[in-house]
Amino acid sequence: MNKRDPDTNFGLLVHDVARLTRANFHRRVQPLGLTQAQWRALFHLSRNEGIKQVALAEILEVQPITLARLVDRLEDAGWAERRPDPSDRRAFRLFVTAKAQPVLERIRELAAETREEAMKGLGRRERKHLLDLLSATKDNLLKTENAAAHMRPRRPNSAAGKGSKNRKRSYD
């Protein structure tokens, strides 16, 4: 049996680098009093202002109801706000508040420190090359997943059962 070195297995290596990067960053951000879920949501929200809750839940890979509770906490802290979606009365759009800007700036500074530590020993060209290769890999996978999504059969809407007409969806 030919055992492969885990450090040469692309999927495991990418996963380990992402996990370790996230752990390193989380250690740095803890003094801000943010949970990992909060800083991830706030960061992605700042990059996608006006996004629907359900779309942000997809980015964060959480259930919409989980994100709804998380957004409740961000709103309570004054860092995010929900606004009605003008084109869909059941949905909300999410925005970062001015109060969140200093927190986001600190998050960006800590992210830069994490990035520097992760890429220590790599020259400018090597860093650019690494990012170019990862971007190309991401693009390849996005194309494959988008094509696969169009080929998948649609599932019937399971929420269309009893009582679903009157149920308000506050997580869109």
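Just so it is clear, none of the values below were taken in a lab; they were calculated from the coordinates. Computed from a predicted model, the values in this text were never measured in an experiment. Every residue, glycine as well, gets a Cβ built from its backbone with ideal geometry; the counts of neighbours run over all protein chains shown.
Comparing Leu60, Ala37, Leu13 along the charge dipole axis of segment 1-108, the residue lying farthest to the positive side is Ala37, per the Cβ-charge model. With the convex hull drawn over the C-alpha atoms of segment 50-136, the volume per residue is 140 Å³. Restriction of the trypsin sites (Lys or Arg not before Pro) in segment 1-78 to DSSP coil positions whose beta-carbon has at most 15 other beta-carbons within 10 angstrom yields Lys3, Arg4.
In segment 11-158, inverting the average of 1/r over every pair of distinct C-alpha atoms gives 17.6 Å as the Kirkwood radius.
Take every Cα pair under 8 Å whose residues are at least 6 apart in sequence, average their separation, divide by the length of segment 1-92, and the relative contact order is 18 percent. Evaluated over segment 1-156, the count of Lys pairs having alpha-carbon atoms less than 26 Å apart is 7 (only pairs 8 or more residues apart or interchain).
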